[in-house]
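Q: Before I ask anything, here is the structure I am working with.
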Amino acid sequence: MSQSSATKTAGEAAGETPGELYDFLVVSNRLPVDRVEEGNGSGWRRSPGGLVTALAPVMEKSDGAWVGWHGAPDEVLEPFEHEGITILPVPLSAQEVENYYEGFSNATLWPLYHDVIAPPEFHRAWWDSYQRVNQRFADAAAERAAEGATVWVQDYQLQLVPAMLRRLRPDLKIGFFNHIPFPPQEIFAQLPWRRQVLEGLLGADLLGFQRPNDAANFARAARRYARAGGKGSRLAVTDPAHDGEWSPRERTVRAEAFPISIDTARISELAERPEIIERARQIRHDLGDPTTIMLGVDRLDYTKGIRHRLKAFEELLTDGRARVGDVALIQVASPSRERVEQYRILREEIEGTVGRINGTFDTMQHTAVRYLHHSYPVEEMVALYLAADVMLVTALRDGMNLVAKEYVAARRDGTGALVLSEFAGAADQLKQALLVNPHDIAGLKDAITTAISLPRGVAARRMKAMRRQIVVHNVEEWSASFLARLKEVCP
């Protein structure tokens with residue numbers, strides 16, 4: 001890590017003594033660690049997410065640091081080291097969590113970017129908080145970045161950070177990755193602060209999206225509402241003068257697709273462990289050893305199509321095309337944003353639907369839907385993937401959906417069937433899945449019955465082709481390809 005820089009950091013500009021400087025920084029809403037209670041206090045453990053898995057080795061090799069919030073409001077933490085990564089915490093107040101995170105990020109941007117499946121809310125107080133918090137993240141990164149460092153900003157909570165960073169530190173190489181969809185121009189146009197968000201994103205040198213359509217949607221919006229020039233994935237922008245220290249200059253911003261993936265090797269290894277295989281057998285036994293187990297694994301979110309899935313299954317039971325005892329559905333719905341009103345309403349609706357289905361179709365020996373409103377460790381998830389004959393991914397809109405890829409990675413023996421929404425980014429890579437439009441309940445029912453009765457040889461060929469895709473295009477390949485492209489496009 002560098003100890004000096006020809007460019008002033010935010011801390012130096014304020015007369016503060018800078019800390020150590022880093023050649024590679026990741027900036028995300030959350031840090032890559034979770035607090036855990038220990039015998040004599042609390043400690044930290046690495047978060048299980050795919051982003052952490054992808055970037056931890058890169059950071060360890062390149063003097064990296066991670067800027068983010070640690071998850072507790074109204075608490076200020078000093079930087080610390082954890083498993084080879086420098087952690088740079090950014091504090092948030094309880095009011096900022098409510099306005100910036102629960103408000104603007106998840107009640108304005110999230111529904112807007114997911115095709116307004118739920119109506120977005122537009123509040124100026126939320127927008128003001130979003131700007132303040134984004135500036136705080138940008139200041140933290142600018143203060144600790146070495147001269148010419150690479151900074152990779154993550155996701156929709158921090159869309160203003162790239163331009164803020166560029167104003168503070170024009171020497172940096174700045175990447176941004178949008179993990180969720182980017183909406184069509186006609187939907188994005190509803191955002192009252194559309195120009196400011198686009199200009200914030202255009203501060204990056206390279207913008208990564210899950211699908212080519214997302215990149216194209218962004219490019220069209222940038223040309224329409226932020227006066228960007230250029231053609232295709234190349235956007236021509238002009239940076240304003242910076243406090244008289246440098247003149248306006250033209251840059252080219254690239255907007256391209258980099259579909260994210262999973263740690264395929266880890267999921268495959270877990271799927272071979274005897275204790276996890278045995279746990280999968282126990283799950284089947286606990287359900288009464290039905291002929292077919294179907295599985296849904298989602299955050300409890302209105303974009304995931306859980307209601308459509310339950311409706312299709314209920315109609316299959318009503319029609320007699322499926323029978324409790326022969327078929328069982330496990331629905332894992334991990335808690336999500338439970339302080340946001342839309343999510344409280346969704347939880348009540350889902351639980352009511354499950355209760356109605358079970359009340360109508362359960363027998364003394366068998367349950368139609370086993371509903372689990374919990375989060376589970378990865379070992380239990382792999383056991384569920386092994387227990388399930390059919391995986392149901394019926395998202396109404398999804399940037400990628402890594403659950404679909406994890407299911408494929410776990411099915412090393414080539415068995416199993418994946419019913420996959422065409423509106424999930426994973427459909428671009430997993431073309432051998434049974435692709436469905438989840439809004440078409442009749443079509444979804446047909447796909448489910450096809451999956452249940454899929455001949456073993458056909459299932460094996462489909463699964464083998466999908467496994468080849470995710471073995472080659474894993475999460476390490478994703479991060480390496482993005483960072484290599486960022487290095488290539490930066491002068």
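The values are calculated or read from the model by the stated rules, or taken from the named source; none is laboratory data. Given the structure is predicted, the values throughout are model-derived calculations rather than measurements. In this analysis, Cβ positions are derived from the backbone assuming ideal geometry, glycine residues included, and neighbour counts consider all displayed protein chains.
Q: Answer yes or no: is there a residue in segment 362-375 that is in contact with a helix residue (DSSP H, G or I) (Cβ under 9 Å, 6 or more places away or on another chain), in contact (Cβ under 8 Å) with a residue 12 or more places away in the chain and over 20 Å from Pro290 (Cβ atoms).
A: So far as segment 362-375 goes, yes, one or more of its residues are in contact with a helix residue (DSSP H, G or I) (Cβ under 9 Å, 6 or more places away or on another chain), in contact (Cβ under 8 Å) with a residue 12 or more places away in the chain and over 20 Å from Pro290 (Cβ atoms).
Q: Does any residue in segment 126-137 that is surrounded by fewer than 19 Cβ atoms within 10 Å (Cβ to Cβ) come within less than 8 Å, Cβ to Cβ, of a residue that is of a type in the set (Phe, Trp, Tyr) six or more places away or on a different chain, and which pairs are these?
A: Arg132/Tyr100
Q: When you check Arg344 against the structure, is it in contact (Cβ under 8 Å) with a residue 60 or more places away in the chain, more than 21 Å from Ile276 (Cβ to Cβ) and surrounded by fewer than 21 Cβ atoms within 10 Å (Cβ to Cβ), yes or no?
A: Criteria not met by Arg344.
Q: Any idea which of (1) outside any helix (DSSP H, G or I); (2) in contact (Cβ under 8 Å) with a residue 60 or more places away in the chain; (3) closer than 19 Å to Gly296 by Cβ is the one Leu430 doesn't satisfy?
A: Tallying (1) outside any helix (DSSP H, G or I); (2) in contact (Cβ under 8 Å) with a residue 60 or more places away in the chain; (3) closer than 19 Å to Gly296 by Cβ, Leu430 fails exactly one: (2).
Q: Say we look at segment 466-490 and pick out the residues that are charged (D, E, K, R) and either surrounded by fewer than 19 Cβ atoms within 10 Å (Cβ to Cβ) or in contact with a Cys (Cβ under 8 Å, 6 or more places away or on another chain) (or both); which of these is nearest to Pro170 (Cα to Cα)?
A: Out of the qualifying residues, it is Lys487.
Q: Would it be correct to say that Ala424 is buried (at least 20 other Cβ atoms within 10 Å of the Cβ), within 20 Å of the chain's Cα centre (by Cα) and more than 27 Å from Leu317 (Cα to Cα)?
A: no
Q: Could you check segment 181-230 and list, in sequence order, the residues that are surrounded by fewer than 18 Cβ atoms within 10 Å (Cβ to Cβ) and small (Gly, Ala, Ser)?
A: Answer for segment 181-230, where residues must be surrounded by fewer than 18 Cβ atoms within 10 Å (Cβ to Cβ) and small (Gly, Ala, Ser): Ala189, Gly229, Gly230.
Q: Continuing with the same structure: Take segment 8-40 and flag every residue that is of a type in the set (Gly, Ala, Ser) and modelled with pLDDT of 70 or more.
A: Gly19, Ser28
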